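Only one structure is covered here, and it is reproduced in the block below.
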Amino acid sequence: KMREIALVYLDRSGGLQKFVHDCKKYNDSKQSYAVYRFIISINPSDIAELDATLGNYILHNPIEAAQIFQSVCFIAIKTLSLIEQLQTEAQISILLKPTHLPPLPSYVLSLSAFPFNYTSQRFYMSEGVVIAMGTVTKYTQGARFLCTEETCPFSEGFRYIRVHLPGATESATVRNDFVCSLCSSPLQEDMKFRVLGDKQMVEMIDAKVLNALKGYSNDKSHFRIQAFTVFLRDELANKMKIGDHYKIIGIPACVQNGLQATACIEVNSVQLCKPSGSSFVSNNFKHLLSLSSSSCWRFTAILANIFASQIVPPGTYNTLKLAILLSLVQTCEKENTDYLDLLIVTSDTLVIDRLLNYSICLLPRGIRHPPSSEIFPSVSKDKHGTGRASIQACSAVLAKGGICYIGDLSSYKKDKLELLQSVLESRTTTVFIPGKKYGEEADQQVTVSVQTNFWSFVDMDSSSKKPLHKDNFLIGQMDMSLIPHNLVDGFGLLIHSEFPSCQLSSPLVHHILKKAINPEAMLYKVSQQFRTQDYEE
């Protein structure tokens, strides 16, 4: 009955027409394969409406459900003589691709929740940010085995076919310890018929990690975040970009590597998550805009004046706060957008650091770069024991469409500053993968797009501590001897902080002391009228 319904669904959905077209390609090639692979798109709503039993079977037993479609496709090929070379049903490999899953909690696999249900072998929906990507390698889609006993009927034909299943390793699909079920002689692979496909390993992590990388958060809740491995195969290889946020549908599995077991997901479909573009302007801001509409500058000036009143008193650091707001509204995930990178020259690093850190928390993707890690993508060996290269996303890539706050520029070495200068000029960075080291035939160069605004500061006091040869500066000229001039030119805006640390303004001193005594205190009425949340929205 299920086969009949599967056939009706394929006919109604246009799947049968696509299947016939795919068969024609195989038939025209005149080449015999161990496995003929077909992708069937499934709309769970439509098929459940047609037959609830089959719809339920596809959602909860996709591997067994694929066998129903395999049987239907084999009958169709034989009845309509679609592929002359095909001999047995086992040669057909069916991949079911659901267009979506029911929007119910039981179909969502939370990557930060415990336990991670990887044993059910059914479809789940999940989402996360790509933090590492491997290079594309080959895997065995299917292979043909023959009995080594010449007199055995199974020493020829297509009786023994091995096909890749979700979560299976290469050694599970192709091994040398199989025996014939008829005569118990060893089986040997017929290498001429091996079918290879593309495979790419990707590391993803729950998007909650972006909040943890801000360096400061109002959220007092604690949660556990663990990266998980995603397998992209064949047409899905290279469908993901490092640093992007994706929704995936796939089947969880557990891959054994020696004594270590790794939870992973075999992906069936990938969808890019676009940031919600809707913004909300509070009534207080709307009222302020109407009051200040007589001047094109007044509204902006007031915004900058009262911005970050939790960190510095209103009326202080106005030039810097205006620049911060300008840079914040320039954040966007579109390619070839305008960027506004800020470099602040200051002798009061503590207040500037607090102000910049407060500001990046207003964005979904504001990343505070930890000094112990890399700013730009790096290459390491894949942790699954394959020895292949894996490109690791770092602070700048994770801050895609946002701000990457890299702290004090004078704390970085010359090679890092040169790399930063190159990225500021081109908005791309190149990762070199030496072939010899990572088991590849040739060296590779991978170009990664860096779509973020950079914020940094230079501590003027640190330049006076270093025994460098200094030129005689003209009155009003700054000593920038610590940072190469080309790098300074790479930043869109250079700001000289208003207050030297030796003569902080009286309101700022009072603010810092009061905040130290009572961190939660609202010191100004304006902080209640125009909240952090209002600026965030």
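Within the stretch 294-306, residues that are within 21 Å of Tyr524 (Cα to Cα) reach partners that are assigned to a helix (DSSP H, G or I) and of a type in the set (Ser, Thr, Tyr) with beta carbons closer than 9 Å, at six or more positions or on different chains, in the pairs Leu303/Tyr535; Ala304/Thr319; Ile306/Ser527.
For Val281, the requirement of being closer than 30 Å to Asp534 by Cβ, surrounded by fewer than 14 Cβ atoms within 10 Å (Cβ to Cβ) and β-branched (Val, Ile, Thr) is met. If you go through the stretch 494-515 and keep only what is open to solvent by less than 80 Å² (accessible area, probe 1.4 Å), in contact with a Leu (Cβ under 9 Å, 6 or more places away or on another chain) and modelled with pLDDT of 80 or more, you end up with Leu494, Ile495, His511, Ile512, Lys515. In this structure, is Gln31 in contact (Cβ under 8 Å) with a residue 12 or more places away in the chain, more than 28 Å from the chain's Cα centre (by Cα), open to solvent by less than 80 Å² (accessible area, probe 1.4 Å) and within 30 Å of Ala143 (Cβ to Cβ)? The answer is no for Gln31.
For residues that are part of a helix (DSSP H, G or I), open to solvent by less than 50 Å² (accessible area, probe 1.4 Å) and farther than 28 Å from Asn27 by Cβ, tally how many sit in the stretch 73-111. Here the count works out to 1. In summary, Glu333 fulfils each of the numbered conditions (1) modelled with pLDDT of 90 or more; (2) closer than 18 Å to Ser395 by Cβ with the single exception of condition (1).
From the list Pro371, Pro377, exactly one residue is in contact with a Ser or Thr (Cβ under 9 Å, 6 or more places away or on another chain) and open to solvent by 40 Å² or more (accessible area, probe 1.4 Å). Which is it? Outline the logic, then answer.
Numbers: Pro377 fails: open to solvent by 40 Å² or more (accessible area, probe 1.4 Å).
After applying the criteria, what remains is Pro371.
Taking the stretch 1-10, which residues are within 15 Å of Phe74 (Cα to Cα) and either in contact with a Gly (Cβ under 8 Å, 6 or more places away or on another chain) or exposed (fewer than 13 other Cβ atoms within 10 Å of the Cβ) (or both)? Within the stretch 1-10, just Glu4 meets the criteria. Here the condition is being assigned to a loop (DSSP other than H, G, I, E, B) and at pLDDT 80 or above; of Gln451, Gln445, it holds for Gln451 alone. Restricted to the stretch 516-537, and to residues there that are open to solvent by less than 80 Å² (accessible area, probe 1.4 Å) and among the β-branched types (Val, Ile, Thr), the residue that is farthest from Ser279 (Cα to Cα) is Val526. Across the stretch 403-435, what is the number of residues that are open to solvent by less than 20 Å² (accessible area, probe 1.4 Å) and not in a helix (DSSP H, G or I)? So the answer is 9.
Where residues in the stretch 127-145 are of a type in the set (Ser, Thr, Tyr) and farther than 18 Å from Ser449 by Cβ, which of them is modelled with the lowest pLDDT? I'd like the intermediate steps shown before the answer.
Of the residues in the stretch 127-145, the ones of a type in the set (Ser, Thr, Tyr) are 135, 137, 139-140.
Then keep just the ones that are farther than 18 Å from Ser449 by Cβ; that gives 137, 139-140.
On the way: Thr137: 86, Tyr139: 89, Thr140: 90.
Among them, the one singled out is Thr137.
For the stretch 58-72, the set of residues classified as under 21 Å from Asp234 (Cα atoms) and open to solvent by 70 Å² or more (accessible area, probe 1.4 Å) consists of Gln67 only. Taken together, the residues in the stretch 421-442 that are modelled with pLDDT of 90 or more and among the aromatic types (Phe, Trp, Tyr) amount to 0. Name the single residue, out of those in the stretch 284-309 being crowded, with 16+ Cβ neighbours inside 10 Å and not in a helix (DSSP H, G or I), that is modelled with the highest pLDDT. Residue satisfying both the conditions and the ranking: Phe307.
For Asn318, the conditions (1) open to solvent by less than 60 Å² (accessible area, probe 1.4 Å); (2) over 37 Å from the mean Cα position of the chain (by Cα); (3) not basic (Lys, Arg) all hold with the exception of (2).
Give Ser380, Ser390 a once-over and let me know the one that is touching a Gly at 6+ places or on another chain (Cβ under 7 Å) and assigned to a strand (DSSP E or B). If you could, list the steps in order and put the result at the bottom.
Details: Ser380 fails: touching a Gly at 6+ places or on another chain (Cβ under 7 Å).
Only one candidate qualifies: Ser390.
The number of residues in the stretch 40-57 being out of contact with any Pro (no Cβ under 9 Å at 6 or more places or on another chain), assigned to a strand (DSSP E or B) and open to solvent by 50 Å² or more (accessible area, probe 1.4 Å) comes to 0.
The values are calculated or read from the model by the stated rules, or taken from the named source; none is laboratory data. Remember, it's a predicted structure, so these values are computed and weren't measured experimentally. Glycine also receives a Cβ, built like all others from the backbone with ideal geometry; neighbour counts cover every protein chain displayed. Just the protein is used for accessible areas: all its heavy atoms, side chains included, with ligands, DNA and RNA removed. Shrake-Rupley method; radii C 1.70, N 1.55, O 1.52, S 1.80 Å.
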